[in-house]
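These notes are about the structure you will find just below.
The values are calculated or read from the model by the stated rules, or taken from the named source; none is laboratory data. Please read all numbers here as calculations on a predicted model, not as lab measurements. With ideal geometry, Cβ positions are generated from the backbone for all residues, glycine too; neighbour counts draw on all protein chains shown. Note: areas computed on protein heavy atoms with side chains; ligands, DNA, RNA excluded. Shrake-Rupley method; radii C 1.70, N 1.55, O 1.52, S 1.80 Å.
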Amino acid sequence: MDEPRTDYLMLIGGEWTDGQEEPFSLVSPVDGQPWAVLPSASQADVAAAVAAARKAFDTGGWPRTPPARRARLLRRLGELISERADDLARLQVRENGKVLREVLAQTKGLTDYCNYFAGLAETAGGHTIPSSAPDMFVYTVREPVGVVAAVTPWNSPLALLMWKLCPALAMGNTMVVKPSEVTPASTLVLGEMIEAAGFPPGVVNIVTGDGRVGAWLTADDGIDKIAFTGSTHVGRQIAAAAAAHLTRISLELGGKSPNIVFADADLDRAVEGVVAGIFAAAGQTCLAGSRVLIAQEIYEDFAARLVQRAARIRLGHPLDPDTEMGPLSCRAQYDKVQHYVTVALDEGATLLTGGRHPSGAQFRDGLFMEPTVFGKVRNDMRIAQEEVFGPVVCLIPFTDEDEAIAIGNASMYGLAAGVWTRDIARAHRVCARLRAGTVWINTYRRTSYAVPFGGVRQSGLGRENGAAAVEEYTEVKSVWIDSGSGIADPFNPRA
């Protein structure tokens, strides 16, 4: 076994530095072996990172950098990502165990995010507004919010960072990034590429460590905006910290998304879509279709097809091109998912397949779990209401369209939903009534740099991606210009 790598450093104010707290180890989810040692930031380190971002924003000139130059830097970063996409993908696989073919495609796509938001940097603007007052010329401009704290998760560390970093930098903000302690290495390597692309010192800072680091960062009064992706539980804590300073927030949180299969659906396509919705990334996605609602008349047939397909999913090493599902990302998540299997059985759900650690020497030391399907699930069970964040799906029958919608909406979450039907009128009706930020029709788990993504209710606040993301990282300033002879009546502002 190779010795763990120990040369990772944090990025603060353009300098690569060690942390003042005790370093921590990264452990492979494939074989349980430590492979890297990372610096852990102290509260003073976090304060220094915020101060560096504050300086770059307030006096460093970054907000006043011409949009065309910000766009060029983003495009250069995209080029560097493209050149090293394979290395970045393999590093993320080592961190979280996601299968290479998925991570590589995701990583190659990050260049598109850079290019898209580079375009918005050059084109996003304000409006001229006809004024009710005579002789007034009125217009609006969009200005950067300020210093952004980006707190990112372990399931898609670079993709979910770029959802924040690209629009924030495009609009002239500076950043302090705190990646998950499970997957910090890939973010630090991206930091090297940000530096190589030519971004000025202090524009992007990266601090690593456990949840205390995130708490220090989000509570710092030098932060103007918090962008967080993670659990609803932590999202509530961040919202409370932000409230103390009236800090702007965007939160992309948990989900318990319904994937609704009507009797007239193409069942073969629907099975594959349901599999992609819950078992891709070992179910460790906020948008996972973890509740499959099935029309009563096809319930038994569809359940049998899904169980057969789930049982054929190829588990294995995430670097193996034939592997369809790798391990869970960390011990805490593995233990959580196993706990929910026990909860489901205690509640009376029927285990149709999976629920165990797979047999075989290749799985012995890793955090692997078989794809798991539960039948006879009621929507009021914990297994149907609480986010498991693993390869576990609940099958719930429904009798008609109204009941399908009622069950689909009977959740505290509202991140995503899927609808499978050949009836386009039904698709539009159901879509209009589902409480979700994204609804997929006859597909699932599609995202794009150009399409807004986010949730309603306890799935979060705000939107990432698309032109809507610009609004999250800018303030609107209104400008009035008197083009006449002055104020006719100083005591009547409408004159």
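Check whether at least one residue in region 205-227 is open to solvent by 10 Å² or more (accessible area, probe 1.4 Å), among the acidic types (Asp, Glu) and without any contact (Cβ under 8 Å) to a residue 60 or more places away in the chain, and report yes or no.
yes
Count, please, the residues in region 5-57 that happen to be open to solvent by 40 Å² or more (accessible area, probe 1.4 Å), assigned to a loop (DSSP other than H, G, I, E, B) and of a type in the set (Val, Ile, Thr).
The total comes to 1.
Taking the condition under 27 Å from GLY97 (Cβ atoms) and assigned to a loop (DSSP other than H, G, I, E, B), does SER186 pass? Please lay out each step first, then the result.
Numbers: under 27 Å from GLY97 (Cβ atoms): yes; assigned to a loop (DSSP other than H, G, I, E, B): no.
It is false that SER186 is under 27 Å from GLY97 (Cβ atoms) and assigned to a loop (DSSP other than H, G, I, E, B).
Considering each residue of region 378-399, count those that are buried (at least 22 other Cβ atoms within 10 Å of the Cβ) and not in a strand (DSSP E or B), and give that number.
7
Yes or no: ARG445 among the basic types (Lys, Arg), buried (at least 16 other Cβ atoms within 10 Å of the Cβ) and either in contact with a helix residue (DSSP H, G or I) (Cβ under 9 Å, 6 or more places away or on another chain) or part of a loop (DSSP other than H, G, I, E, B) (or both)?
Numbers: among the basic types (Lys, Arg): yes; buried (at least 16 other Cβ atoms within 10 Å of the Cβ): yes; either in contact with a helix residue (DSSP H, G or I) (Cβ under 9 Å, 6 or more places away or on another chain) or part of a loop (DSSP other than H, G, I, E, B) (or both): yes.
It is true that ARG445 is among the basic types (Lys, Arg), buried (at least 16 other Cβ atoms within 10 Å of the Cβ) and either in contact with a helix residue (DSSP H, G or I) (Cβ under 9 Å, 6 or more places away or on another chain) or part of a loop (DSSP other than H, G, I, E, B) (or both).
Would you check if there is a residue in region 145-156 being under 19 Å from the mean Cα position of the chain (by Cα), assigned to a helix (DSSP H, G or I) and modelled with pLDDT of 95 or more? Even if it seems obvious, please write down each step before you answer.
As a first pass, look at region 145-156 and keep what is under 19 Å from the mean Cα position of the chain (by Cα): 148-156.
When the remaining residues are screened for being assigned to a helix (DSSP H, G or I), the result is none.
Checked region 145-156: no residue is under 19 Å from the mean Cα position of the chain (by Cα), assigned to a helix (DSSP H, G or I) and modelled with pLDDT of 95 or more.
Here is a list of conditions, (1) surrounded by fewer than 17 Cβ atoms within 10 Å (Cβ to Cβ); (2) touching a strand residue (DSSP E or B) at 6+ places or on another chain (Cβ under 9 Å), and LYS108 meets all of them except one; can you say which number that is?
With respect to (1) surrounded by fewer than 17 Cβ atoms within 10 Å (Cβ to Cβ); (2) touching a strand residue (DSSP E or B) at 6+ places or on another chain (Cβ under 9 Å), LYS108 is out only on (2).
Each row is one residue, and each column tells you yes or no for (1) in contact (Cβ under 8 Å) with a residue 40 or more places away in the chain; (2) in contact with a Phe, Trp or Tyr (Cβ under 8 Å, 6 or more places away or on another chain); (3) surrounded by fewer than 15 Cβ atoms within 10 Å (Cβ to Cβ); (4) assigned to a loop (DSSP other than H, G, I, E, B).
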site: ASN115; (1), (2), (3), (4): yes, no, no, no
site: GLY125; (1), (2), (3), (4): no, no, yes, yes
site: ARG142; (1), (2), (3), (4): yes, no, no, no
site: LEU158; (1), (2), (3), (4): yes, no, no, no
site: MET162; (1), (2), (3), (4): yes, yes, no, no
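For region 242-267, give me the residue count where each residue is farther than 25 Å from GLU403 by Cβ, over 20 Å from the mean Cα position of the chain (by Cα) and part of a helix (DSSP H, G or I).
Final tally of qualifying residues: 3.
Answer yes if at least one residue in region 88-97 is in contact with a Phe, Trp or Tyr (Cβ under 6 Å, 6 or more places away or on another chain) and buried (at least 23 other Cβ atoms within 10 Å of the Cβ), and no otherwise.
Within region 88-97, the subset in contact with a Phe, Trp or Tyr (Cβ under 6 Å, 6 or more places away or on another chain) is 96.
If we keep only those that are buried (at least 23 other Cβ atoms within 10 Å of the Cβ) too, we end up with 96.
So far as region 88-97 goes, yes, one or more of its residues are in contact with a Phe, Trp or Tyr (Cβ under 6 Å, 6 or more places away or on another chain) and buried (at least 23 other Cβ atoms within 10 Å of the Cβ).
Does PRO66 fit the bill of being farther than 28 Å from ALA280 by Cβ and free of Cβ contacts under 8 Å to residues at least 60 places away in the same chain? Explain how you work it out, then say what you get.
Working: farther than 28 Å from ALA280 by Cβ: yes; free of Cβ contacts under 8 Å to residues at least 60 places away in the same chain: yes.
Answer is yes for this residue.
I need the full set of residues from region 321-355 which are part of a loop (DSSP other than H, G, I, E, B) and either touching a residue at least 12 places away in the same chain (Cβ under 8 Å) or within 21 Å of ARG378 (Cα to Cα) (or both), in order please. Please lay out each step first, then the result.
As a first pass, look at region 321-355 and keep what is part of a loop (DSSP other than H, G, I, E, B): 321-324, 326-330, 348-349, 354-355.
Passing the criteria: PRO321, THR323, GLU324, GLY326, PRO327, LEU328, SER329, CYS330, GLY348, ALA349, GLY354, GLY355.
Could you list all residues from region 400-411 that are assigned to a loop (DSSP other than H, G, I, E, B) and either without any contact (Cβ under 8 Å) to a residue 60 or more places away in the chain or in contact with a Leu (Cβ under 8 Å, 6 or more places away or on another chain) (or both)? Write out each step before concluding.
Looking only at region 400-411, we keep the residues that are assigned to a loop (DSSP other than H, G, I, E, B), and these are 400, 410-411.
If the condition is that a residue be assigned to a loop (DSSP other than H, G, I, E, B) and either without any contact (Cβ under 8 Å) to a residue 60 or more places away in the chain or in contact with a Leu (Cβ under 8 Å, 6 or more places away or on another chain) (or both), then ASP400, ALA410 are the ones that fit.
On the basis of being closer than 24 Å to ALA410 by Cα, surrounded by 16 or more Cβ atoms within 10 Å (Cβ to Cβ) and of a type outside the set (Gly, Ala, Ser), does VAL275 make the cut? Steps first, answer last, please.
Details: closer than 24 Å to ALA410 by Cα: yes; surrounded by 16 or more Cβ atoms within 10 Å (Cβ to Cβ): yes; of a type outside the set (Gly, Ala, Ser): yes.
For VAL275, the condition - closer than 24 Å to ALA410 by Cα, surrounded by 16 or more Cβ atoms within 10 Å (Cβ to Cβ) and of a type outside the set (Gly, Ala, Ser) - is met.
Residue-by-condition table, conditions (1) surrounded by fewer than 18 Cβ atoms within 10 Å (Cβ to Cβ); (2) more than 23 Å from GLY454 (Cβ to Cβ):
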residue: THR285; (1), (2): no, no
residue: TYR299; (1), (2): no, yes
residue: HIS317; (1), (2): no, yes
residue: ASP322; (1), (2): yes, yes
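Mind listing whichever residues of region 292-307 are assigned to a helix (DSSP H, G or I), in contact with a strand residue (DSSP E or B) (Cβ under 8 Å, 6 or more places away or on another chain) and either free of Cβ contacts under 8 Å to residues at least 12 places away in the same chain or not polar (S, T, N, Q) (or both)? Outline the logic, then answer.
Going residue by residue through region 292-307, those that are assigned to a helix (DSSP H, G or I) are 296-307.
Then keep just the ones that are in contact with a strand residue (DSSP E or B) (Cβ under 8 Å, 6 or more places away or on another chain); that gives 296, 298-299, 302-303, 306-307.
If the condition is that a residue be assigned to a helix (DSSP H, G or I), in contact with a strand residue (DSSP E or B) (Cβ under 8 Å, 6 or more places away or on another chain) and either free of Cβ contacts under 8 Å to residues at least 12 places away in the same chain or not polar (S, T, N, Q) (or both), then ILE298, TYR299, PHE302, ALA303, LEU306, VAL307 are the ones that fit.
Can you spot a residue in region 247-265 that is farther than 19 Å from LEU161 by Cβ, without any contact (Cβ under 8 Å) to a residue 12 or more places away in the chain and either surrounded by fewer than 21 Cβ atoms within 10 Å (Cβ to Cβ) or of a type in the set (Asp, Glu) (or both)?
no
Taking ALA196 and the conditions (1) small (Gly, Ala, Ser); (2) within 22 Å of LYS55 (Cβ to Cβ); (3) open to solvent by less than 10 Å² (accessible area, probe 1.4 Å), which numbered condition does it fall short on, given that it satisfies the others?
If we test ALA196 against (1) small (Gly, Ala, Ser); (2) within 22 Å of LYS55 (Cβ to Cβ); (3) open to solvent by less than 10 Å² (accessible area, probe 1.4 Å), just (3) comes out false.
Which ones in region 412-442 are under 16 Å from ALA288 (Cα atoms), open to solvent by 40 Å² or more (accessible area, probe 1.4 Å) and touching a residue at least 24 places away in the same chain (Cβ under 8 Å)?
MET412, ARG435, ASN442
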